[in-house]
Amino acid sequence: MRIKVNRDNCTGCRLCLQICAIEHFSEINPKKAALRIEAKFPDPGKFRPFICTQCGKCAEVCPEDAIYQNEVGGYIVDKEKCTNCGDCIVACPMDVICQHPDLGYVIKCDFCMECTKVCNTNALVEWERKPTAKETEARNE
Amino acid sequence: MVIYLKAGSKLRERLKPDIDYYTRRIETEEGKTIKEILADIGINPALVAFVYTSGKVKGLHYIPSDGQSITLQPPVAGG
Amino acid sequence: MNNGLAGTTLRVNLTTGEIKRFPTDEKLFRRWHGGRGVIAKLLYDEVPRNADPFGPENIFIVNVGIMSGCYIPSGSKTEFGSISPLTNGHGDSNMGGHLGPMLKFAGYDMLIFTGISPKPVFLYIDNDTVELRDAAKYWGIGSLDCEEQLKKDLGEDFEIATIGPAGENGVLFSCITHDFGRQAGRTGQGTVMGSKKLKAIAVRGNRSILVHDLEALKKQVAEIIQRTKKHPNMEPWQKYGTSFFIRWSNDNAVLPAYNFKTTYYEDVGKIDGDQLIEHCLITHKACFGCWMNCGKYTKAVVEGRPVVHLEGPEYETAATCGSNLGMKDINHVAYINWMMDNLGMDSMSGGGVTAFAMECFEKGFITKEDLEGYTLKWGSLDDVEHFLDMVVHKRGIGEWFAGGSKRAAEKIGKGSEKFAMQVKGQEMSGYDGRWAPGMLLSYMTADIGAHHNRSWTITVDMAEGRESVEGRAKIVVYLQHIRPLFDTWCICRLFWGELDISPEEIVESLNHITGWGITVDEALRTSEMIWNLTRCHYLERNRDIGRVFDYPPARSWEEKIPSGPGKGKGVTKEQVEKMLDEYYEARGWDENGNPTREVLVDLELDFAADNLEKIGFLGKPIPGGVPPIRGEKYKPKAF
């Protein structure tokens with residue numbers, strides 16, 4: 001399971017940011033979202049959504065081992081262990097981990113897929129990657 | 001031949017969909033324009049701004065072919 | 001606060017530079033529903049009746065309303081209000097984009113500006129940090145350029161509203177621009193901002209908005225998303241926005257062409273939506289929380305000029321700056337749209353004024369000499385560009401036109417007021433009402449002058465009969481109650497109209513957000529209160545009987561449509577008078593169009609009745625009494 005980004009489809013409505021905060025904090029606040037939209041205006045005039053690819057770089061650099069991988073492949077922040085040091089923010093290649101003054105831990109995507117459900121332009125879609133021939137082979141063995 | 005007309009908003013009430021919430025199956029003759037078909041089923045063509053089919057906008061003089069699905073677009077109610 | 005409000009109201013005294021914070025008056029919002037409603041009450045209460053719209057006593061209000069930013073279909077609007085320099089009455093105008101929600105995320109529901117700053121400033125808001133900062137560097141540059149520069153200077157994550165040179169120089173129809181192409185255009189709100197030397201508002205915030213019942217709201221919105229995704233009109237909307245309706249307008253004789261001379265434009269194919277999508281589109285662009293993205297971000301490529309980026313032209317601009325000016329190339333229309341945006345002019349009024357000037361030139365009322373050697377011919381981009389430059393800098397006769405077509409006609413004389421297409425000083429939108437009598441009545445009676453957003457009845461006219469006027473007044477009254485509610489709640493109206501979201505559903509969302517537990521009928525009653533208050537305010541400021549202000553320009557009822565599918569059609573003077581009579585009756589106003597005590601008391605506006613009585617403009621009691629329900633819920637007959 002993955003989130004696929006069709007970046008040219010993004011219209012900058014920020015529904016994904018809203019639902020992300022609603023889902024995790026029961027508040028409406030795009031600044032508490034674990035994804036971001038870059039708007040390049042007036043020239044060239046493009047939106048570009050950035051999402052967590054679950055690459056795991058954050059877990060690699062976390063000095064507290066506060067980021068662990070769950071059964072569906074998402075890297076999850078352990079709120080108890082996280083000291084909000086910010087090392088993962090620096091390491092994140094997509095720049096989608098953030099801090100908020102209300103919270104003592106970092107905000108990071110937990111792969112809940114809610115953003116894909118509200119996106120109406122298919123800029124963010126839930127996507128099941130087809131296994132490669134090698135993987136299929138490995139599974140069949 | 002058969003075409004499928006779709007409409008939402010207030011046009012939907014007029015269209016009286018039968019297939020699903022938005023769609024009505026209509027039997028008509030080949031070669032008729034949308035405008036003529038609308039008149040046949042009692043919808044004032046002036047209340048349709050354009051039709052939309054296969055991702056393209058067409059005028060009311062568009063002649064549909066058998067089995068085609070066509071959305072009726074009402075005029076914008078003023079921004 | 002768990003009611004969708006952010007909690008704080010700012011009062012900014014521009015004369016002294018003092019900024020005060022107040023808790024947002026919840027009772028005021030409960031009674032007047034925010035947005036346009038709260039603005040109407042504050043303007044009525046706080047601005048002296050003899051105050052000059054340009055003076056320090058006029059106040060300028062930014063109101064975010066209740067629903068803006070609250071995860072609701074297109075809850076994105078920001079409402080601006082002040083005494084309109086264009087109409088000299090209550091003025092309000094709104095825009096989409098992201099400014100209003102961001103203001104709430106910074107913690108503010110409303111900004112109230114008073115006084116006049118001694119030097120150009122902009123308001124900087126970063127959560128609790130609120131400062132008036134020097135704007136010398138930005139004064140004089142275009143709205144879009146200023147937004148770009150401010151983003152560079154402050155940060156990309158600021159939401160910014162700016163005015164352009166038109167607003168700075170006191171052009172009466174100046175707009176406020178935001179998000180590189182969203183405008184609060186009407187009633188000259190940008191003019192008031194300019195008169196106060198307020199160049200821009202820049203805001204950033206990271207607070208949360210709390211609502212009464214988030215779970216219920218979330219569930220409702222999820223249901224609406226799933227439903228509207230399947231709506232057959234969603235896809236064409238997302239793809240084409242409003243630009244595609246030009247052709248329909250033309251086919252049905254409501255598209256203004258050549259300063260409303262006719263309603264048939266032979267070159268409609270050159271300015272239609274398919275041209276825009278094919279030649280100009282860069283990306284689709286949505287307002288905050290909107291999943292039908294009707295905004296079209298485009299570029300205009302005109303030989304010999306720089307390539308410019310803009311949002312639009314949407315329907316209104318394509319009509320008022322396209323067919324109405326006789327433009328024959330979508331790139332030229334887009335370029336004019338960009339010029340108006342960057343100069344900071346309302347493209348509807350700007351188009352109307354330019355078209356009026358073009359007809360004056362055609363008739364020889366203004367000459368090449370007046371225009372510094374230039375002509376002003378239909379369809380000429382060069383001429384329009386030069387004319388707008390004269391207007392924005394108020395050079396020569398440019399000063400006349402900077403006051404709008406009504407004031408320009410007073411200067412020009414020679415009967416030109418007959419084709420100055422305005423009501424109460426505000427130019428008409430992109431529909432001709434001659435063969436759509438309900439639309440004409442809508443223009444005549446709208447509280448901010450000839451604007452389409454209060455009531456739009458073209459399809460109603462078609463369904464009910466375009467030759468007849470009977471019963472149209474009650475429908476207009478109903479629409480004038482329901483449509484401004486969206487401006488009151490600060491959400492977009494297009495969802496309601498285009499995607500089958502019922503008013504009941506929207507009120508349900510409102511209740512989830514606020515916990516008020518109101519009904520649609522209660523909301524409509526609030527809207528009627530607001531409407532009557534703005535009417536009283538207008539009469540108190542302009543001191544004449546109401547009927548005087550409600551007549552359209554002579555062209556709308558003396559001339560028949562000369563060409564196209566509407567050839568020979570047009571309302572008569574008798575029909576117009578009859579509609580007005582029926583309208584006043586439906587509103588519970590007397591035959592002069594002045595609100596009666598009975599209706600004002602029924603709407604708990606006793607204070608307004610007292611004030612009208614003092615100056616002698618309270619309506620005479622109606623023998624049969626006022627109707628218990630004003631405005632019939634419109635049930636379409638043939639539609």
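With respect to being assigned to a loop (DSSP other than H, G, I, E, B), in contact with an Asp or Glu (Cβ under 6 Å, 6 or more places away or on another chain) and not β-branched (Val, Ile, Thr), C:Asn259 fits the description. Being surrounded by fewer than 24 Cβ atoms within 10 Å (Cβ to Cβ), among the charged types (D, E, K, R) and in contact (Cβ under 8 Å) with a residue 60 or more places away in the chain is a description that applies to C:Glu417. Residues in segment A:92-107 that are surrounded by fewer than 20 Cβ atoms within 10 Å (Cβ to Cβ) and more than 11 Å from the chain's Cα centre (by Cα): A:Pro93, A:Gln99, A:His100, A:Pro101, A:Asp102, A:Leu103, A:Gly104, A:Tyr105.
Scanning segment B:6-21 for residues that are within 13 Å of chain C (Cβ to nearest Cβ) and in contact with a Lys or Arg (Cβ under 6 Å, 6 or more places away or on another chain), we see that the one that is surrounded by the fewest Cβ atoms within 10 Å (Cβ to Cβ) is B:Ile19.
When C:Ile224 is tested against the conditions (1) more than 10 Å from chain A (Cβ to nearest Cβ); (2) touching a residue at least 12 places away in the same chain (Cβ under 8 Å); (3) within 25 Å of the chain's Cα centre (by Cα), the lone failure is (3).
Listed by position, the strands (runs of 3 or more DSSP E) enclosed by segment B:5-79 that each have at least 3 residues that are touching a Ser or Thr at 6+ places or on another chain (Cβ under 9 Å) are B:50-53, B:69-73.
Selection of segment C:486-505 for residues being within 14 Å of chain B (Cβ to nearest Cβ) and either hydrophobic (A, V, I, L, M, F, W, C) or free of Cβ contacts under 8 Å to residues at least 60 places away in the same chain (or both) yields C:Phe486, C:Ile491, C:Cys492, C:Arg493, C:Leu494, C:Phe495, C:Trp496, C:Gly497, C:Leu499, C:Ile501, C:Ser502, C:Pro503. Would you confirm whether or not segment A:20-27 contains a residue that is within 30 Å of C:Leu5 (Cα to Cα), in contact with a Phe, Trp or Tyr (Cβ under 7 Å, 6 or more places away or on another chain) and within 14 Å of chain C (Cβ to nearest Cβ)? The answer is yes, given that some residue of segment A:20-27 is within 30 Å of C:Leu5 (Cα to Cα), in contact with a Phe, Trp or Tyr (Cβ under 7 Å, 6 or more places away or on another chain) and within 14 Å of chain C (Cβ to nearest Cβ). Reported count of residues in segment C:251-277, each being away from every other protein chain (no Cβ under 11 Å) and touching a residue at least 40 places away in the same chain (Cβ under 8 Å), is 17. Annotation: of all residues in segment B:22-79 being closer than 23 Å to C:Glu314 by Cβ and in contact (Cβ under 8 Å) with a residue 60 or more places away in the chain, the one that is nearest to the other protein chains (Cβ to nearest Cβ) is B:Thr71. Candidates are the residues of segment C:458-474 that are more than 9 Å from every other protein chain (Cβ to nearest Cβ) and buried (at least 21 other Cβ atoms within 10 Å of the Cβ); the one that is nearest to C:Gln575 (Cα to Cα) is C:Val469.
For segment C:36-59, the criterion of being part of a loop (DSSP other than H, G, I, E, B) and among the aromatic types (Phe, Trp, Tyr) is met by at least one residue. Of all residues in segment C:506-542, how many are small (Gly, Ala, Ser), outside any helix (DSSP H, G or I) and in contact (Cβ under 8 Å) with a residue 12 or more places away in the chain? The qualifying residues number 1.
Residues in segment C:580-603 that are in contact with a helix residue (DSSP H, G or I) (Cβ under 7 Å, 6 or more places away or on another chain) and surrounded by fewer than 19 Cβ atoms within 10 Å (Cβ to Cβ): C:Glu591, C:Asn592, C:Val601. Could you tell me which residue of segment C:212-221 is nearest to C:Glu26 (Cα to Cα), considering only residues that are more than 7 Å from every other protein chain (Cβ to nearest Cβ) and in contact (Cβ under 8 Å) with a residue 40 or more places away in the chain? Selected residue: C:His212.
Counted as qualifying within segment C:381-456 are the helices (runs of 4 or more DSSP H) with 1 or more residues that are touching a helix residue (DSSP H, G or I) at 6+ places or on another chain (Cβ under 8 Å) and over 26 Å from C:Trp248 (Cα atoms), namely C:381-392, C:398-401, C:404-412. Annotation: of all residues in segment A:14-42 being within 23 Å of C:Lys239 (Cβ to Cβ) and free of Cβ contacts under 8 Å to residues at least 40 places away in the same chain, the one that is surrounded by the most Cβ atoms within 10 Å (Cβ to Cβ) is A:Arg14. Against the test of being aliphatic (A, V, I, L, M), in contact with a Phe, Trp or Tyr (Cβ under 6 Å, 6 or more places away or on another chain) and closer than 26 Å to C:Ala608 by Cα, the options C:Leu539, C:Leu485, C:Leu479, C:Leu524 yield a single qualifying residue, C:Leu539. With respect to the conditions (1) in a loop (DSSP other than H, G, I, E, B); (2) touching a helix residue (DSSP H, G or I) at 6+ places or on another chain (Cβ under 7 Å), C:Phe29 lacks only one, and its number is (1). Which one is surrounded by the most Cβ atoms within 10 Å (Cβ to Cβ), of the residues in segment C:171-229 that are part of a strand (DSSP E or B) and among the charged types (D, E, K, R)? Checked segment C:171-229; the qualifying residue surrounded by the most Cβ atoms within 10 Å (Cβ to Cβ) is C:Lys199. Just give me the residues in segment C:234-251 being touching a Gly at 6+ places or on another chain (Cβ under 8 Å) and of a type in the set (S, T, N, Q), in sequence order. C:Thr242, C:Ser243, C:Ser249, C:Asn250 - these are the residues of segment C:234-251 that are touching a Gly at 6+ places or on another chain (Cβ under 8 Å) and of a type in the set (S, T, N, Q).
Given the criteria within 14 Å of chain C (Cβ to nearest Cβ), touching an Asp or Glu at 6+ places or on another chain (Cβ under 8 Å) and not aliphatic (A, V, I, L, M), does A:Lys32 qualify? Considered against the rule, which asks whether it is within 14 Å of chain C (Cβ to nearest Cβ), touching an Asp or Glu at 6+ places or on another chain (Cβ under 8 Å) and not aliphatic (A, V, I, L, M), A:Lys32 comes out as yes. Scanning segment C:5-24 for residues that are within 26 Å of the chain's Cα centre (by Cα) and either outside any strand (DSSP E or B) or on the phi > 0 side of the Ramachandran plot (or both) returns C:Leu5, C:Ala6, C:Leu14, C:Thr24.
Among the residues of segment C:564-579, those that are assigned to a helix (DSSP H, G or I) and crowded, with 17+ Cβ neighbours inside 10 Å comprise C:Gly564, C:Gly566, C:Gln575, C:Val576, C:Lys578, C:Met579.
Could you list all residues from segment A:15-34 that are part of a loop (DSSP other than H, G, I, E, B) and under 18 Å from C:Ser68 (Cβ atoms)? Listed by number, the residues that qualify are A:Glu27, A:Asn29.
The residue list A:Val118, A:Val106 contains one member that is among the β-branched types (Val, Ile, Thr), closer than 29 Å to A:Asn9 by Cβ and out of contact with any strand residue (DSSP E or B) (no Cβ under 7 Å at 6 or more places or on another chain), which is A:Val118. Condition check for C:Arg133 on (1) within 17 Å of C:Val203 (Cα to Cα); (2) more than 12 Å from every other protein chain (Cβ to nearest Cβ); (3) part of a loop (DSSP other than H, G, I, E, B); (4) charged (D, E, K, R): one failure, at (3).
All of the numbers you see were taken from the coordinates with simple rules; none came from a lab. This is a predicted model, so every value here is computed, not measured. Cβ sites come from the backbone with ideal geometry, for glycine too, and all protein chains shown count toward neighbours.
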